[in-house]
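Following: one structure in structure tokens, then a few remarks.
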Amino acid sequence: IRQGQSILKLYCLSRHINLFRKGSHNVKNKLFLLLCFAIGANCISCAEDKPENQLETTETSIEALTSEDEYSGLPDTDYGGMEITIFGYRASQSYNDSEFYEAEQTGEIIDDALFYRNLDTEQRLNIELNYYYPDGETDTLNNFNNSVLAGDDIGDVFAMKAGYTGNLLTSGTVLPWDGIDGYDLTNPWYVHDANEVLNIGGKQYGILSDALGTNTTMCWVWVFNTRLADEWGIGDLYDTVRAGEWTMDKVMSLTRDTWRDLNGNNERDGEDFYGVYTDKWATLDAFMPAHGINSIKKNDDGHPEVDFYSERLVTSFEKVYDLYWNSTGTYVDETEPYVYRTNFASGQAIFSPMLLNYLIGTDLRSMKDDYGLLPYPKLDTEQSEYHTPMLGRCGVFFLPANISNEKAEVIGEVIEVLSAYSYKYLRPAIYDVSLTEKGVRDENSIEMLNLIMDSRSYDFSMFLEQSGNYTLSPMRTYRNQISEKNSNITSYYEANKDSAIDFLENLLENIPE
């Protein structure tokens, strides 16, 4: 009976995500019979190891995100097999070497989601998608710029990591998307806050959407070990989030004195147990946007200008500094970036800040304990909303300056359909993989992930991280100053505000008309 239920549940799930919508009725029946035999044999050996609710929660999570009605109005122009080339990048530190292309199904959820995303897009518009992505961010940028300036037809749309894209605005190799028809940035498969940031002087220079999966995986979140949270009497953290009380003060009150000397040397070191285990690099960048503080704002003309220093900024900086360096319950790994996640996975901390991508990687998937997800903590209860910080490795679509008139009439619809089917297939797949391994796929986890996605926060300075010396970005202020134990943000601002102002003014002056 258990085997039969498992087969039926998997078949229903397959129908739900349209795995069997292609081909004739007989082909479908044959595929189903093959599936029954394969899964039936597998169930004999591993049915006892699978949680009974695993398939039900998979179906629930997909249903929570997709509805066929949302896709009924998508463009369906027949472009007669036209080839569309996406010039992209390798998604290092992500779930996949390339977030664009999977030539065939592999059985892995995300690979198959990419496959079906591409297949549906090609069939709906009758196009052929091609992908080209050289190695390395610098090589990719140089290759693109040189090719466009030389008039070479290298691609119909350019996708690049956000942190490397600031100089593109002045390079003369990209155009605003204004005048391109077929896409609607109000749809749920676009990142609304980010697209508003990249609208400069009323012109839309970049587009961020679910078609670039790093706009999901590069979200900063907090994770907690559910067993340890229970042992230390932490309470219901989900209710804390819902009440708007997941703040810096709350984190300090729960973790300030949480330390156990596991190796018995009477010293705080990396082998001990803590309330918070983190590092001193990009995790620090995330606090500034999480606290609703930007370093750049738009003026009345829609142009970016410096908006950094405030009393709220000073309070935020001081609270983050205290959490990292003045709390017995916090351990800051100073060896190298990102390796602290293995310490959390081994049960050495109740809390850790994480990229959502880490939940897909091997470290947390091999973790013995269950974990839960939370947004980055707010500064205080007066902050009305949670804000999800983004790592600058999330992707942006740009329009090449030498795009042909023929392709310009097509590319807006391509981005729209590709983004919509990514919302349908790719984001639910990322949800499933990030939540499935540790049994946390419940209503609370889906609620927290939806909150995290809906509150993604971008600042124009993020696009300048690796492309210019803008001195007041979160990386150069929170990360560089706090990591070096410099607690005086006021003096840093006074010493660098003029150079920041000059940088932005020079940037705006050199954007081609």
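Would you work out what percent of the accessible area of the range 354-504, with all protein chains in place, is carbon or sulfur (probe 1.4 Å)? Let's see the in-between values first.
Numbers: 1910 of 4940 Å².
That share works out to 39 percent.
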Problem - Cβ-Cβ FRET estimate between Asp230 and Glu305, R0 fixed at 51 Å, reported to 0.05 - result: 0.60
Completion exercise
the range 344-381 scanned against label point 7 Å out from Leu262 along Cα→C-beta; backbone N under 17 Å for 344-353, 363-371
Fill in the blank from the handout: Rg from C-alpha atoms of the range 208-251, normalised by the globular rule of thumb 2.2 N^0.38 Å, equals 1.56
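Note down the net charge around Leu262, summing +1 for each Lys or Arg and -1 for each Asp or Glu among other residues with Cβ under 12 Å from its Cβ.
Result for the local shell: -3.
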Exercise for the section: Starting at the first residue of the range 70-79, write each ³J(HN,Hα) from the Karplus equation 6.51 cos²θ - 1.76 cosθ + 1.60 with θ = phi - 60°, in whole Hz, x for Gly and Pro. Expected result: 5, 10, 5, x, 5, x, 9, 5, 8, 9
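Just subtract the alpha-carbon distance of Glu382 and Gln105 from 0.36 nm times their residue separation and send over the number in nm, one decimal. Please report the intermediate quantities before stating the final value.
Working: separation 277, 0.36 × 277 = 99.72 nm, distance 4.81 nm.
Answer, rounded to one decimal: 94.9 nm.
How much net charge surrounds Glu245 when only the other residues with a Cβ under 13 Å from the Cβ of Glu245 are counted, with Lys and Arg +1 and Asp and Glu -1? Numbers along the way, then the final one.
Values: positive: Arg242, Lys250, Lys378; negative: Asp236, Asp239, Asp249, Asp380, Glu382.
Charge balance near Glu245 sits at -2.
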Exercise for the section: Kindly provide log₁₀ I(q)/I(0) values, in the same order as q = 0.28 Å⁻¹, from the Debye equation applied to equal alpha-carbon scatterers of the range 227-266. Expected result: -1.03
Fill in the blank from the handout: Extension length gain for His192 and Glu318 (0.36 nm per residue less Cα distance), in nm, is 42.3 nm
Exercise for the section: Calculate the spin-label point distance for Asp269 paired with Thr335, positioning each point 7 Å from the Cα along the beta-carbon direction, and give it in nanometres. Expected result: 1.1
Practice task
State the Cα centre-to-centre distance between the range 114-142 and the range 341-356 in whole Å.
Solution key: 34
Practice task
Express the accessible area of the range 376-456 per residue in Å², computed with a 1.4 Å probe while the remaining protein chains stay in the model.
Solution key: 30
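Could you put Arg456, Arg476, Arg242 in order of accessible surface area, largest first, with the 1.4 Å probe and the full protein assembly present?
Numbers: Arg456 20, Arg476 45, Arg242 105 Å².
Largest accessible area first, the list is Arg242, Arg476, Arg456.
Determine how many Å³ per residue the convex hull of the Cα atoms of the range 233-334 encloses. Write down the numbers at each step before the final one.
On the way: hull volume 13.0 nm³, N = 102.
Here the figure is 128 Å³ per residue.
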Problem - Global form of the range 326-427, assessed from the alpha-carbon gyration tensor, a/c cut-off 1.5 - result: prolate
Problem - Residue-level accessible surface for Ile360, protein heavy atoms, 1.4 Å, Å² - result: 20
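Compute the Cα gyration tensor for the range 72-227, then decide on rounded, prolate or oblate, letting a ≥ b ≥ c be the square roots of its eigenvalues: rounded whenever a/c is under 1.5, prolate when a/b is larger than b/c in the other cases, and oblate in all that remain. Mind dumping the intermediate values first?
Details: a/c = 1.30, a/b = 1.11, b/c = 1.17.
In terms of gyration-tensor shape, rounded.
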Practice task
Give the residue from Ile360, Leu373, Ile411 lying farthest towards the positive end of the charge dipole for the range 306-417; charges sit on Cβ (+1 for Lys and Arg, -1 for Asp and Glu) and the dipole is referred to the Cα centre.
Solution key: Ile360
Fill in the blank from the handout: XL table Lys378/Lys424; Lys297/Lys407; Lys368/Lys485; Lys297/Lys319; Cα-Cα > 32 Å flagged, in table order, is Lys297/Lys407; Lys368/Lys485
Fill in the blank from the handout: For the range 325-334, Karplus-derived ³J(HN,Hα) couplings (6.51, -1.76, 1.60; θ = phi - 60°; whole Hz; x for glycine and proline) come out as 10, 10, 10, 4, x, 10, 10, 10, 6, 10
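Is the C-alpha gyration tensor of the range 137-237 telling us rounded, prolate or oblate? Criteria: a/c under 1.5 is rounded; beyond that, a/b larger than b/c is prolate, otherwise oblate.
Details: a/c = 3.27, a/b = 2.13, b/c = 1.54.
Prolate shape, in that a/c is at least 1.5 and a/b is the bigger ratio.
What net charge do the residues around Pro400 carry, taking every other residue with its C-beta under 14 Å from that of Pro400, with Lys and Arg at +1 and Asp and Glu at -1? Walk me through the numbers before you get to the answer.
Details: positive: Lys407; negative: Asp152, Asp153, Asp156, Glu406.
Charge balance in the 14 Å sphere: -3.
The values are calculated or read from the model by the stated rules, or taken from the named source; none is laboratory data. Quick caveat, the model's predicted, so the values are computed rather than measured. FYI the Cβ positions are ideal-geometry reconstructions off the backbone, even for glycines, and counts take in every protein chain you see. Only protein heavy atoms, including side chains, enter the accessible area calculation; ligands, DNA and RNA are left aside. Shrake-Rupley method; radii C 1.70, N 1.55, O 1.52, S 1.80 Å.
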